[in-house]
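First the structure, in the form of structure tokens, and then the observations on it.
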Amino acid sequence: MTHPGSDNEGIRLQKVMAAAGIGSRRACEKMIEEGRVSVNDQVVVEQGRRVDPAVDVIRVDTMRINTVAGNVYLAMNKPRGYVTAMSDPDGRPTVGDLIADRVERLFHVGRLDADTEGLLLFTNDGELAHRLSHPSYEVPKTYLAEVLGPVARDVGKRLREGVQLEDGVVRVDSFKLIDSNSNRVLLELVLHEGRKHIVRRALAEVGHPVQALVRTAIGPVHLGPQKPGKLRVLTRDELAGLFKLVAM
């Protein structure tokens, strides 16, 4: 870790910021002058501060930026029918097949079952992956579920208050009826649980087995119009939002 006034070690702060895509060096110098930049939670206003990008935590407007060269953060729209694994002994298609051309050693953050499609994150940042997966950080995940209708008015209340499953109670953070067409109903559920098949089991318990399921968001990261099987790099704001969510 470097310290103010250290001219012989580290890299100039504005150079690190520019390399992270924050802006030109001059723009980064202006941000420093305006007191918008902190290093290890201490606001920096002097130019020439040197930092170690692999160790020091740099924030712009309180949002952490990625300064570690080689760290990769990706979002995939996992297609239905793909196993969340890097390989499968039974020869089934896996998400590993979809990132086989990446040179980095990536791992998926959490899982989606084979019949569920939607947002899946990949990274080589082990600490972020661990925190996003750990239940103590209560990372919210949003799902769209298609079920057979009609759906009784008390279903959302029951799910918010909690339903008993064989491995304990599950409660959703929010429940919303998005669309109803004939006997097909589209529901949006947000929950921070990560137990296996938790959305499917919860909806089955209230009498509405899932017909189709898509994860549309993980915290501040949204699936949007991304096509099945495609990868994209997380935006700076998305990554900063994930760091904030898990207190990094």
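The values are calculated or read from the model by the stated rules, or taken from the named source; none is laboratory data. Bear in mind that the values here come from a model prediction, so they are computed numbers and not experimental data. Neighbour counts are summed over all protein chains in view; Cβ atoms, including those assigned to glycine, are modelled from backbone coordinates with ideal geometry.
Go through GLU117, GLU104, GLU146 for me and flag whichever is more than 12 Å from VAL246 (Cβ to Cβ) and touching a Leu at 6+ places or on another chain (Cβ under 7 Å).
Values: GLU117 fails: touching a Leu at 6+ places or on another chain (Cβ under 7 Å); GLU104 fails: touching a Leu at 6+ places or on another chain (Cβ under 7 Å).
It is GLU146.
Hey, any hits in segment 1-17 for a residue that's crowded, with 18+ Cβ neighbours inside 10 Å, at pLDDT below 90 and within 30 Å of ARG215 (Cβ to Cβ)?
no
Check VAL170, VAL163 and return the single one that is in contact (Cβ under 8 Å) with a residue 40 or more places away in the chain and either out of contact with any Leu (no Cβ under 6 Å at 6 or more places or on another chain) or surrounded by 18 or more Cβ atoms within 10 Å (Cβ to Cβ) (or both).
Details: VAL170 fails: in contact (Cβ under 8 Å) with a residue 40 or more places away in the chain.
When all the criteria are applied, what remains is VAL163.
When you go through GLU166, GLU146, GLU161, GLU127 one by one, which is the residue that is over 12 Å from the mean Cα position of the chain (by Cα) and closer than 21 Å to ARG232 by Cα? Steps first, answer last, please.
Values: GLU166 fails: closer than 21 Å to ARG232 by Cα; GLU146 fails: closer than 21 Å to ARG232 by Cα; GLU161 fails: closer than 21 Å to ARG232 by Cα.
Testing whether each residue is over 12 Å from the mean Cα position of the chain (by Cα) and closer than 21 Å to ARG232 by Cα leaves just GLU127.
So if I check each of ARG49, ARG36, which one is of a type in the set (D, E, K, R), without any contact (Cβ under 8 Å) to a residue 40 or more places away in the chain, outside the structural domain of VAL233 (by TED's automatic domain parsing) and surrounded by 15 or more Cβ atoms within 10 Å (Cβ to Cβ)? Before you say what the answer is, go through the steps one by one.
Values: ARG49 fails: without any contact (Cβ under 8 Å) to a residue 40 or more places away in the chain.
Being of a type in the set (D, E, K, R), without any contact (Cβ under 8 Å) to a residue 40 or more places away in the chain, outside the structural domain of VAL233 (by TED's automatic domain parsing) and surrounded by 15 or more Cβ atoms within 10 Å (Cβ to Cβ) holds for just one of ARG49, ARG36, which is ARG36.
Considering every residue within segment 175-194, establish whether at least one is within 23 Å of LEU132 (Cβ to Cβ) and basic (Lys, Arg).
no
May I ask you to list the residues in segment 182-211 that are part of a strand (DSSP E or B) and charged (D, E, K, R)?
Listed by number, the residues that qualify are ARG184, GLU188.
Can you name every residue in segment 71-105 that is of a type in the set (Ser, Thr, Tyr) and free of Cβ contacts under 8 Å to residues at least 12 places away in the same chain?
Initial filter on segment 71-105 (of a type in the set (Ser, Thr, Tyr)): 73, 82, 84, 87, 94.
Scanning segment 71-105 gives a single hit, SER87.
I want to confirm something. Restricting to segment 128-157 and keeping residues that are crowded, with 18+ Cβ neighbours inside 10 Å and among the small types (Gly, Ala, Ser), which single residue is nearest to GLU117 (Cα to Cα)?
ALA145
Tell me yes or no: at least one residue of segment 69-80 is surrounded by 20 or more Cβ atoms within 10 Å (Cβ to Cβ), out of contact with any helix residue (DSSP H, G or I) (no Cβ under 9 Å at 6 or more places or on another chain) and either in a strand (DSSP E or B) or modelled with pLDDT of 90 or more (or both).
Taking segment 69-80 first, the residues surrounded by 20 or more Cβ atoms within 10 Å (Cβ to Cβ) are 73, 75-78.
Next cut, out of contact with any helix residue (DSSP H, G or I) (no Cβ under 9 Å at 6 or more places or on another chain) only: 77.
Remaining after also requiring either in a strand (DSSP E or B) or modelled with pLDDT of 90 or more (or both): 77.
Within segment 69-80, one or more residues are surrounded by 20 or more Cβ atoms within 10 Å (Cβ to Cβ), out of contact with any helix residue (DSSP H, G or I) (no Cβ under 9 Å at 6 or more places or on another chain) and either in a strand (DSSP E or B) or modelled with pLDDT of 90 or more (or both).
Mind checking which residues of segment 204-230 are in contact (Cβ under 8 Å) with a residue 60 or more places away in the chain and more than 19 Å from ASP115 (Cα to Cα)? Outline the logic, then answer.
Taking segment 204-230 first, the residues in contact (Cβ under 8 Å) with a residue 60 or more places away in the chain are 208-219, 221-223, 226-230.
Matches in segment 204-230: GLY219, VAL221, HIS222.
Among the residues of segment 28-51, write down those that are within 30 Å of the chain's Cα centre (by Cα) and either at pLDDT below 90 or closer than 19 Å to LEU239 by Cβ (or both).
Of everything in segment 28-51, those that are within 30 Å of the chain's Cα centre (by Cα) and either at pLDDT below 90 or closer than 19 Å to LEU239 by Cβ (or both) turn out to be CYS28, MET31, ARG36, VAL37, SER38, VAL39, ASN40, ASP41, VAL51.
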